[in-house]
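The values are calculated or read from the model by the stated rules, or taken from the named source; none is laboratory data. If you're wondering where the values come from, they're calculated on a predicted model, not measured in any experiment. Positions of Cβ are generated from backbone atoms using ideal geometry, with glycine treated the same way; all protein chains shown enter the neighbour counts.
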Amino acid sequence: MGVQYYISCLKKKESIFYENPAFKNQENFLKKLNITKQDIINANLRLDRFRPYLKKRFQDTKDGLIESQIKEVPGFKTELEDRYGIEIKGRVFVKMDNTLPIAGSIKARGGIYEVLKLAETILIEQGYLSYQDDYSKLLHKKCKDILSKYTVVVGSTGNLGLSVGIMSAALGFNAEVHMSCDAKEWKKELLKKWGAKVIEHPGDYSYAVKMGRKRCEGDRFAHFVDDENSLDLFLGYATSALRLKEQLAKVDVYPSTNNPICVYLPCGVGGAPGGISFGMAHVFGTAARCYTAEPVGAPCVIGALITGKDDFNIKELGIELNTEADGLAVPGPSKLAIPIIKNIIAGGFTLFDEEMLWSVRSLYLKENIKIEPSAGAGVKGVYFVEKYVGKCDHLIWLTGGMLIPDNEFQRMLSIN
């Protein structure tokens, strides 16, 4: 099926599955990039240096490690088979980033990593810190006094703002989160409780990012965490792949080209799925097949994949942002991530909000797993791959959920 067919489906807000023809050239593309596996390793080493601090500052980290488990979900697998009328031949796992320490979402790795790197850079320049130090010294008042001269700014619909705001405030930075009007109220209140300043904008996600970026212009004591362009965010996300190989081995999953692991990634601008896919490509090669998952009301990355336009915007299709999945409600893709994504991922798909909300209910009832709608975006990938690609093992990458207030979660469960 050609480009015009897929574009027509996107315009009509139909659920589609798209296989990326560039995926077969993944290895050659990676060789040409100026970012490498060593950059991922270096990012992971930086996170390791911060583990003594994180262990003492955040009790939900295990030995200061920002990581989540994978879990096989046989009950939910049966629910998927019943809903979509298929037989799932492979095993089905979830990656539990809905419980990721500190901020409880896929965004936590990238957002927290960038803030930690900024703190390390400033403190080393100030002569307060060296790579050989025990980083738990960042708990000292002197450290916070140094960092309090700086402001960390981010534009976000929610989860990136949570991770950046919480980590920045904890270290002693001034934290400023610019949020779009469709961001959830409870996320704004949680940021305020941590001491972050929340600035709301009447426009969409892109406008909030624009205003956050503008706020930092000309201010040498302000750092903007740029969801659309940040290499630090990208590498923070990529570190997840380094530990995933060991996690899969513990459950007797050894991906190969004949029996790959298919990974389904909730996708907003594409930074998190891009970073994770980049890491997976270096660790597993084409034995890992990553797919982006987007609502039919916000299909910006798959639109860029299909058209080949890095600056694609859903408004070109006459689509206005409309989805319950606030973390995925973005009109255009990351300028940094999309040129990489379109050359390394296996494909992408779109789905309806009702399917994400069904996932919220079903995962909770069958597996006692609490997620928000964005986290359920990857679920339909199991159906598409089993129908169009063939046998593999499946890994649904979950995102936010841990921090949702009970009354908000009950509201999600009740939506038809």
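Structure notes:
Residues checked against (1) at pLDDT below 95; (2) closer than 27 Å to Ser277 by Cβ:
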| residue | (1), (2) |
| --- | --- |
| Ile112 | no, yes |
| Tyr131 | no, no |
| Leu139 | no, no |
| Asn159 | yes, yes |
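- Only listed residue being without any contact (Cβ under 8 Å) to a residue 40 or more places away in the chain and assigned by TED's automatic domain parsing to the domain that holds Lys13, chosen from Ala241, Ala287: Ala287
- Selection within the range 250-273: residues that are in contact with a strand residue (DSSP E or B) (Cβ under 9 Å, 6 or more places away or on another chain), touching a residue at least 12 places away in the same chain (Cβ under 8 Å) and part of a helix (DSSP H, G or I). The member of this set that is surrounded by the most Cβ atoms within 10 Å (Cβ to Cβ) is Ala272.
- Contacts under 8 angstrom Cβ, first residue in the range 92-111 being buried (at least 24 other Cβ atoms within 10 Å of the Cβ), partner in a loop (DSSP other than H, G, I, E, B) and among the acidic types (Asp, Glu), 6 or more apart: Asn98/Glu372; Leu100/Glu67
- Among helices (runs of 4 or more DSSP H) entirely within the range 168-249, having at least 3 residues that are surrounded by fewer than 20 Cβ atoms within 10 Å (Cβ to Cβ), among the acidic types (Asp, Glu) and in contact with a Leu (Cβ under 7 Å, 6 or more places away or on another chain) singles out no element at all.
- Unique residue being under 17 Å from the mean Cα position of the chain (by Cα) and on the phi < 0 side of the Ramachandran plot when the list is Val330, Val385, Val296: Val330
- Here Lys366 qualifies as farther than 20 Å from Asn20 by Cα, surrounded by fewer than 24 Cβ atoms within 10 Å (Cβ to Cβ) and out of contact with any Leu (no Cβ under 6 Å at 6 or more places or on another chain).
One line per residue, one yes/no per condition, for (1) in contact with a strand residue (DSSP E or B) (Cβ under 6 Å, 6 or more places away or on another chain); (2) among the basic types (Lys, Arg); (3) without any contact (Cβ under 8 Å) to a residue 60 or more places away in the chain; (4) under 14 Å from Asp97 (Cα atoms):
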| site | (1), (2), (3), (4) |
| --- | --- |
| Val360 | no, no, yes, no |
| Tyr364 | no, no, yes, no |
| Ser374 | yes, no, no, yes |
| Lys387 | no, yes, no, no |
| Leu395 | yes, no, no, yes |
| Arg411 | no, yes, yes, no |
| Ser414 | no, no, yes, no |
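- Cβ-Cβ under 7 Å pairs, at least 6 apart or on other chains, the range 130-150 side in contact (Cβ under 8 Å) with a residue 24 or more places away in the chain and surrounded by 11 or more Cβ atoms within 10 Å (Cβ to Cβ), far side of a type in the set (Ser, Thr, Tyr) and part of a helix (DSSP H, G or I): Tyr135/Tyr53; Ser136/Tyr53; Leu138/Tyr53; Leu139/Tyr53
- Residues satisfying the criterion are present in the range 18-32 (criterion: under 19 Å from Ala346 (Cα atoms), in a loop (DSSP other than H, G, I, E, B), under 21 Å from the mean Cα position of the chain (by Cα) and assigned by TED's automatic domain parsing to the domain that holds Ala304).
- Pairs where the first residue, in the range 189-205, is within 16 Å of Gly327 (Cα to Cα) and the second is of a type in the set (D, E, K, R) and not in a loop (DSSP other than H, G, I, E, B), C-beta under 8 Å, 6+ apart: Glu200/Lys188
- The residues on offer are Ile302, Ile306, and the sole one that is β-branched (Val, Ile, Thr), surrounded by 22 or more Cβ atoms within 10 Å (Cβ to Cβ) and out of contact with any Ser or Thr (no Cβ under 8 Å at 6 or more places or on another chain) is Ile306.
- Residues of the range 33-68 that turn out to be under 22 Å from Gly104 (Cα atoms), in a helix (DSSP H, G or I) and not hydrophobic (A, V, I, L, M, F, W, C), as a count: 10
- Residue count for the range 112-121 satisfying the condition of being buried (at least 20 other Cβ atoms within 10 Å of the Cβ) and either more than 30 Å from Leu363 (Cβ to Cβ) or aliphatic (A, V, I, L, M) (or both): 5.
- Flag for Asp252 being of a type outside the set (Val, Ile, Thr), more than 20 Å from Gly347 (Cβ to Cβ) and within 13 Å of the chain's Cα centre (by Cα): no
- For the range 151-167, a residue qualifies if it is crowded, with 21+ Cβ neighbours inside 10 Å and of a type outside the set (A, V, I, L, M, F, W, C), and the qualifying residues are Gly155, Ser156, Thr157, Gly158, Asn159, Gly161, Ser163, Gly165.
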